[in-house]
Amino acid sequence: DQQVKQNSPSLSVQEGRISILNCDYTNSMFDYFLWYKKYPAEGPTFLISISSIKDKNEDGRFTVFLNKSAKHLSLHIVPSQPGDSAVYFCAVNAGNNRKLIWGLGTSLAVNP
Amino acid sequence: NAGVTQTPKFRVLKTGQSMTLLCAQDMNHEYMYWYRQDPGMGLRLIHYSVGEGTTAKGEVPDGYNVSRLKKQNFLLGLESAAPSQTSVYFCASSHQRAVTDTQYFGPGTRLTVL
């Protein structure tokens, strides 16, 4: 069973509007959460992260929110730009061995 | 810095053939990883290494072997390729001294096994 779930395989947003990507996880012991972005024919690149001791982390146009009671995190992109069109992966850094557990990704399309 | 590089970028194999994928990083990272990405499956960890001379199994290690003879290189071997190993393979590296250390990925190798 998946420990990290991204229930929306795709999302389409108009340029300038907000993009909200969601991620749910199953284990309340997970302590660090990351978002990666992936363009076609490239490897994933780190975007933003959040520790379980925080509920929000902001970096420019990107903000990640963590709701520990709901075991839910979300990535907000404001304003969305066509260059943001990519697949976004939610990942959890779990346990002492630091292995990442990945969601299946959400493909974001930002339309001009 | 080149970051993480992977060789080759593309490869087509016949069932039963063998090959080695090479990953190199120039960031002096201790940890290195091999993932595969399949449609609808996300990224799955094949093997990883926490330092030179060490390797460990990930989620889907069967059919693969790895070696980390030098700190900067991590090799993934397929001894007898099968069609089920058709996938995109990503290598990654990180310091992993703290939970906040992130993984840096190579561009991927697209492997097709006929």
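The values are calculated or read from the model by the stated rules, or taken from the named source; none is laboratory data. Just so it is clear, the structure is predicted and the values come from calculations on it, not from any experiment. In this analysis, Cβ positions are derived from the backbone assuming ideal geometry, glycine residues included, and neighbour counts consider all displayed protein chains. With ligands, DNA and RNA removed, areas are computed over all heavy atoms of the protein, side chains included. Shrake-Rupley method; radii C 1.70, N 1.55, O 1.52, S 1.80 Å.
One table, with the values for the structure above:
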| quantity | calculated |
| --- | --- |
| About the Cα centre, charge dipole magnitude for the range A:4-111 (Lys/Arg +1, Asp/Glu -1 at Cβ), debye | 240 |
| Leading residue at positive end of dipole, the protein assembly as shown (Cβ point charges), from B:77, A:110, B:100 | B:77 |
| Signed unit charges on C-beta, dipole axis of the protein assembly as shown, positive-most listed residue B:12, B:91, A:81 | B:12 |
| Residue-normalised accessible area of the protein assembly as shown, given per residue in Å² at a 1.4 Å probe | 48 |
| Environment charge at residue B:112 (Cβ cut-off 11 Å; Lys +1, Arg +1, Asp -1, Glu -1) | +3 |
| Karplus-derived 3J(HN,Hα), 6.51/-1.76/1.60, for each residue of the range A:65-77, Hz, glycine and proline x | 10, 10, 10, 5, 5, 8, 6, 9, 10, 9, 10, 10, 10 |
| Net charge over other residues, Cβ less than 12 angstrom from the Cβ of residue B:18 (K, R count +1; D, E count -1) | +1 |
| Phi-based couplings in Hz for the range A:17-26 (Karplus 6.51, -1.76, 1.60; Gly and Pro marked x) | 8, 8, 9, 10, 10, 10, 8, 10, 10, 9 |
| Residues whose placed amide H lies under 5 Å from that of residue A:107, excluding near-sequence neighbours | A:10, A:11, A:88 |
| Backbone HN-Hα couplings from phi across the range B:3-9 [Karplus 6.51/-1.76/1.60, Hz, Gly and Pro as x] | x, 10, 10, 10, 9, x, 8 |
| Potential extension, residue A:111-residue A:26 segment - 0.36 nm per residue separation minus Cα distance | 27.3 nm |
| Positive-pole candidate from A:34, A:9, A:44, dipole of chain A, charges at beta carbon | A:34 |
| Magnitude of the charge dipole, chain B, Cβ model with Lys/Arg +1 and Asp/Glu -1, debye to 20 | 220 |
| Share of carbon and sulfur in the accessible heavy-atom surface of the protein assembly as shown [1.4 Å probe, %] | 50 |
